[in-house]
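**Student:** Take this structure first; my questions come after.
Taken together, the values in this text are just the output of simple stated rules run on the coordinates, not laboratory data. Everything quoted here is computed from the prediction, not taken from an experiment. Here Cβ is always computed from backbone atoms with ideal geometry, including for glycine, and neighbour counts include all displayed protein chains.
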Amino acid sequence: MTQPAQGLLQDRAVVITGGGTGIGRAAAHAFAAEGARVLVVGRRAGVLAETAGGHEGVRTFRADLADPGAARAVVEAAGDALGGIDVLVNNAVTMRSAPLGHIDRDNARDQVATNLLGPLFLTQEALPALEAAKGLVVNVTTAGNQRGWAGHSVYGATKAGLDFLTRTWALELAPRGIRVAGIAPGPIETPIAEHAGLDAEGIARLRARQRDRVPLGRVGRPEEVAWWMVALARPEASFATGLVLPVDGGASVVF
Ligand SMILES: NC(=O)c1ccc[n+]([C@@H]2O[C@H](COP(=O)([O-])OP(=O)(O)OC[C@H]3O[C@@H](n4cnc5c(N)ncnc54)[C@H](OP(=O)(O)O)[C@@H]3O)[C@@H](O)[C@H]2O)c1
């Protein structure tokens, strides 16, 4: 009798923050397609349920990662739903645009809490599970953060900080068998700009500007980022740690 086809990541336990929309949703579907069991985390039950809809291997958990108690709650939920954590994808983001002179303290605090402290304390809480699994942490950062991006100093600073965490954790966690990698997307077709408060006209202007700046001449698709997350989780990627991988249509190498 032939065995049912096994996915590349059969039964692996994967936690994805910000899994209700955009890149996180595509990642949930890409991991599930390879047989992984996935827990998607975010604040809105509706979008999380849409991600899980029709995907037997995808479960949902509501949490605001800016809350100090969220890290423990997510790791406990992963224990209950998945029995552990093989892969943790720190993907959730809050982005608010404002040039220096107009930066609101609460907005800045929210971005730091979600984009930097969120991954930090969630990963710290997940360490026993990750160590047991000889697991992988994927931090989703951004392609532009080694340069300036007018109006986005706080967002960019959280992502530059996240890259430093990626490289430092790779060193600290290698002896425990845990790998850490960053993925730095360029412009990708997701609701991020809408979530950041841009109106339809602003989004259209942004997209046109982005297309002009990307050597491949287009905005990327969430699936084109998710594929690399799955690839990093494969056993063949077992010698890769401490890298931050641009997936940006060449945007980061333009002079
Ligand atoms: N799209 C791009 O062009 C682009 C470019 C470079 C980098 N990236 C990076 O790619 C990652 C995914 O972004 P995306 O484009 O897919 O954006 P997105 O669709 O806006 O996804 C962000 C997700 O994070 C969740 N989230 C926000 N704050 C949260 C909080 N405090 N607690 C829990 N969940 C929270 C949101 O859901 P709730 O509101 O329901 O919580 C949302 O589902 C981000 O790290 C982003 O910086 C994206």
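**Student:** Can you pull out the residues in segment 95-128 that are in a loop (DSSP other than H, G, I, E, B), surrounded by 13 or more Cβ atoms within 10 Å (Cβ to Cβ) and among the small types (Gly, Ala, Ser)?
**Tutor:** Once the filter is applied, which keeps residues that are in a loop (DSSP other than H, G, I, E, B), surrounded by 13 or more Cβ atoms within 10 Å (Cβ to Cβ) and among the small types (Gly, Ala, Ser), segment 95-128 yields Ser97, Ala98.
**Student:** Only one of these is more than 25 Å from Asp104 (Cβ to Cβ) and within 10 Å of the ligand (Cβ to nearest atom): Glu223, Glu189, Glu194, Glu172. Name it.
**Tutor:** Going through Glu223, Glu189, Glu194, Glu172 in turn, just one is more than 25 Å from Asp104 (Cβ to Cβ) and within 10 Å of the ligand (Cβ to nearest atom): Glu189.
**Student:** Looking at Gly242, Gly249, Gly161, Gly182, which is the one that is in a loop (DSSP other than H, G, I, E, B) and out of contact with any Phe, Trp or Tyr (no Cβ under 9 Å at 6 or more places or on another chain)?
**Tutor:** Gly249
**Student:** While we're on this one: Within segment 205-239, track down each residue that is under 20 Å from the mean Cα position of the chain (by Cα) and either part of a loop (DSSP other than H, G, I, E, B) or β-branched (Val, Ile, Thr) (or both).
**Tutor:** Val219, Arg221, Val225, Val230, Arg234, Ser238
**Student:** Among Gly69, Gly46, Gly18, which is the only one that is crowded, with 23+ Cβ neighbours inside 10 Å and either within 11 Å of the ligand (Cβ to nearest atom) or closer than 26 Å to Gln111 by Cα (or both)?
**Tutor:** Matching residue, one of Gly69, Gly46, Gly18: Gly18.
**Student:** If you don't mind, another one. Test Thr166 against the stated conditions and say whether it is under 26 Å from Glu131 (Cα atoms), more than 10 Å from the ligand (Cβ to nearest atom) and in a helix (DSSP H, G or I).
**Tutor:** Considered against the rule, which asks whether it is under 26 Å from Glu131 (Cα atoms), more than 10 Å from the ligand (Cβ to nearest atom) and in a helix (DSSP H, G or I), Thr166 comes out as yes.
**Student:** Could you figure out which of (1) touching a residue at least 24 places away in the same chain (Cβ under 8 Å); (2) of a type in the set (A, V, I, L, M, F, W, C); (3) within 11 Å of the ligand (Cβ to nearest atom) isn't true of Leu216?
**Tutor:** (3)
**Student:** Additional query: So Gly18 clears everything in (1) farther than 20 Å from Ile178 by Cβ; (2) over 15 Å from the mean Cα position of the chain (by Cα) except one condition, right? Which one?
**Tutor:** Checking Gly18 against (1) farther than 20 Å from Ile178 by Cβ; (2) over 15 Å from the mean Cα position of the chain (by Cα), the one that fails is (2).
**Student:** Considering each residue of segment 21-43, count those that are within 12 Å of the ligand (Cβ to nearest atom), touching a residue at least 60 places away in the same chain (Cβ under 8 Å) and among the charged types (D, E, K, R), and give that number.
**Tutor:** Adding up the residues that qualify gives 1.
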